[in-house]
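Peer 1: Mind having a look at this structure? Questions to follow.
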Amino acid sequence: MEAIRSVTGDPEPFIPLHAPLFVGNEATYTAQTIADNWVSTNGEFNAKFETRLAEICGVSDVIATMNGTSALHLSLLMVGVRPGDEVLIPALTFVATANAVSHAGAIPHLCDAEWTTLGMDPAKLRRHLADIAEDRNGVTVNRQTGRRLAAIVPVHILGHSADIEGLLEVASEFGIVMVEDAAEGLGTLRNGVQIGSDGVLNALSFNGNKIVTTGGGGAIMTNDVELAGHVRHVATTAKKPHPWEYDHDAVGYNYRMPNLNAALGMGQLENLDMLVTAKRTLAARYAKAFAGVNGLRFFEEPPNQTSNYWLNGIVLDEEHSSAREDIIVALNDAGYGVRPLWRPMNELPMYVAAPQMDLSVATDARARIINIPSGSGLGLDS
Ligand SMILES: *Cc1c(COP(=O)(O)O)cnc(C)c1O
């Protein structure tokens, strides 16, 4: 507790796990959407927000959506995930990853994590697929269930990049298409490049607790210009462009981000560098404060990465994992918004029976990691 206090200062009366930070043009831009009488989709800020994001992420196309879950759902549909398919996801993730698979009518197939990145373990996945996957006339099938293994969705946990190179290799070996859940990864660089463009389609989230928020929002990013056109069309009720006619040529979705939210997001994006710097400053302060503390370590970014440190985490030594709950209770009582890592998906009633591999690392990480206050505001010079 002393180590956290030395970094965050005293709770007055409570320091949330993650508070957004609005110090730029957010209020001006959102007010402008009202003054312009243009708060819904297809506004000026929608276009600006998408263009700016595409520049930041180094992709040809961005489609801004209502939230990260809808971005993931539509991405899965658009890469061809169909009801009855299986989709490989990490057991250790926020529930939205699994839910998006379910929304597509598919079944999450739960994979284990590795300690370096907290993301999916490529080596373990390769061994698992070598065991269970089978090529049936060019279709990769789980021979235990008879279902198609349609896609793999790595997640960048706590803002640290998963081993995408390793996972891409496994995916291509087994003929499985990749969609990245980069919801937590805006501002994270791997080998100097913004993450979130290695899948065919890739999803971001701008929920209130993410590094950049639009209130609620998300985005699909891709370098496939033709596919981007289809995604945009289906996300916009599959309406064909026409000044007045209602011509819809498919069952579409109403998934586009409203202009009001994009305006807030534009104000945030203008400060992305500052938000990332503040988070990295905060992480460096925590790393120093926890350096001398026995029984735990501060979770540091994996090699070859410049992480956005979306959520900071401490890892209890194995012999102290039983103290996790008591520590969380004591810190919350003292005004520090700390939380455990998510329950692995196999511990949630909807996904207990999901196909899965050995999940010992995910289980261990859940038992030992505590997330500590991480809002960018805490990393500003006071
Ligand atoms: C936040 C988050 C999402 C979903 O985003 P929403 O915008 O809340 O729908 C998906 N996956 C992960 C890993 C997330 O952290």
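The values are calculated or read from the model by the stated rules, or taken from the named source; none is laboratory data. All of these numbers come straight from a predicted model, not from anything done at the bench. Backbone-built Cβ (ideal geometry, glycine too); neighbour counts: all protein chains shown. Surface accessibility is based on the protein's heavy atoms, side chains included, excluding ligands, DNA and RNA. Shrake-Rupley method; radii C 1.70, N 1.55, O 1.52, S 1.80 Å.
Peer 1: Could you tell me how many of the residues in the range 295-343 are of a type in the set (Ser, Thr, Tyr) and open to solvent by 70 Å² or more (accessible area, probe 1.4 Å)?
Peer 2: 1
Peer 1: Among the listed residues Asp61, Asp36, which satisfies the condition of being farther than 26 Å from Leu282 by Cβ and touching a residue at least 40 places away in the same chain (Cβ under 8 Å)?
Peer 2: Selected residue: Asp61, the only one of Asp61, Asp36 that is farther than 26 Å from Leu282 by Cβ and touching a residue at least 40 places away in the same chain (Cβ under 8 Å).
Peer 1: Test Ala238 against the stated conditions and say whether it is in contact with a Gly (Cβ under 8 Å, 6 or more places away or on another chain), of a type in the set (A, V, I, L, M, F, W, C), open to solvent by less than 10 Å² (accessible area, probe 1.4 Å) and away from the ligand (no atom under 16 Å from the Cβ).
Peer 2: When the stated conditions are applied, Ala238 passes them.
Peer 1: So which residues in the range 200-219 are within 14 Å of Ile63 (Cβ to Cβ), more than 8 Å from the ligand (Cβ to nearest atom) and either within 12 Å of the chain's Cα centre (by Cα) or open to solvent by 10 Å² or more (accessible area, probe 1.4 Å) (or both), if there are any at all?
Peer 2: The answer is Val200, Asn202, Leu204, Ala219.
Peer 1: Does Thr93 satisfy the condition of being within 14 Å of the ligand (Cβ to nearest atom) and either modelled with pLDDT of 95 or more or assigned to a helix (DSSP H, G or I) (or both)? Give the derivation first.
Peer 2: Numbers: within 14 Å of the ligand (Cβ to nearest atom): yes; either modelled with pLDDT of 95 or more or assigned to a helix (DSSP H, G or I) (or both): yes.
Criteria met by Thr93.
Peer 1: Sticking with this one: Looking only at the range 147-168, how many residues end up being closer than 17 Å to Asn371 by Cα and without any contact (Cβ under 8 Å) to a residue 60 or more places away in the chain?
Peer 2: Within the range 147-168, residues that are closer than 17 Å to Asn371 by Cα and without any contact (Cβ under 8 Å) to a residue 60 or more places away in the chain number 1.
One line per residue, one yes/no per condition, for (1) open to solvent by 10 Å² or more (accessible area, probe 1.4 Å); (2) touching a His at 6+ places or on another chain (Cβ under 7 Å); (3) within 14 Å of the ligand (Cβ to nearest atom):
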site: Phe45; (1), (2), (3): no, no, no
site: Phe49; (1), (2), (3): no, no, no
site: Gly58; (1), (2), (3): yes, no, no
site: Ala64; (1), (2), (3): no, no, yes
site: Leu72; (1), (2), (3): no, no, yes
site: Glu86; (1), (2), (3): no, yes, no
site: Val101; (1), (2), (3): no, no, yes
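Peer 1: Still on this structure, please answer the following. Quick check on the range 131-141. Is at least one of its residues open to solvent by 60 Å² or more (accessible area, probe 1.4 Å), outside any strand (DSSP E or B) and touching a Gly at 6+ places or on another chain (Cβ under 9 Å)?
Peer 2: yes
Peer 1: Counting only residues that are aliphatic (A, V, I, L, M) and within 9 Å of the ligand (Cβ to nearest atom), which one in the range 178-199 is least open to solvent (accessible area, probe 1.4 Å)?
Peer 2: Ala182
Peer 1: If you check Ala31, Ala54, which single one turns out to be over 18 Å from Ile211 (Cα atoms) and either open to solvent by 60 Å² or more (accessible area, probe 1.4 Å) or at pLDDT 95 or above (or both)?
Peer 2: Values: Ala54 fails: over 18 Å from Ile211 (Cα atoms).
Only one candidate passes the filter, namely Ala31.
Peer 1: Can you tell me how many residues in the range 345-364 are in a loop (DSSP other than H, G, I, E, B) and closer than 12 Å to Lys124 by Cα?
Peer 2: Summing the residues that are in a loop (DSSP other than H, G, I, E, B) and closer than 12 Å to Lys124 by Cα in the range 345-364 gives 3.
Peer 1: Does the range 231-276 hold any residues that are assigned to a helix (DSSP H, G or I) and among the polar types (S, T, N, Q), and which are they?
Peer 2: So the first thing to find is which residues in the range 231-276 are assigned to a helix (DSSP H, G or I), and the list is 231-235, 259-269, 272-276.
Residues satisfying the conditions are Asn259, Asn261, Gln268.
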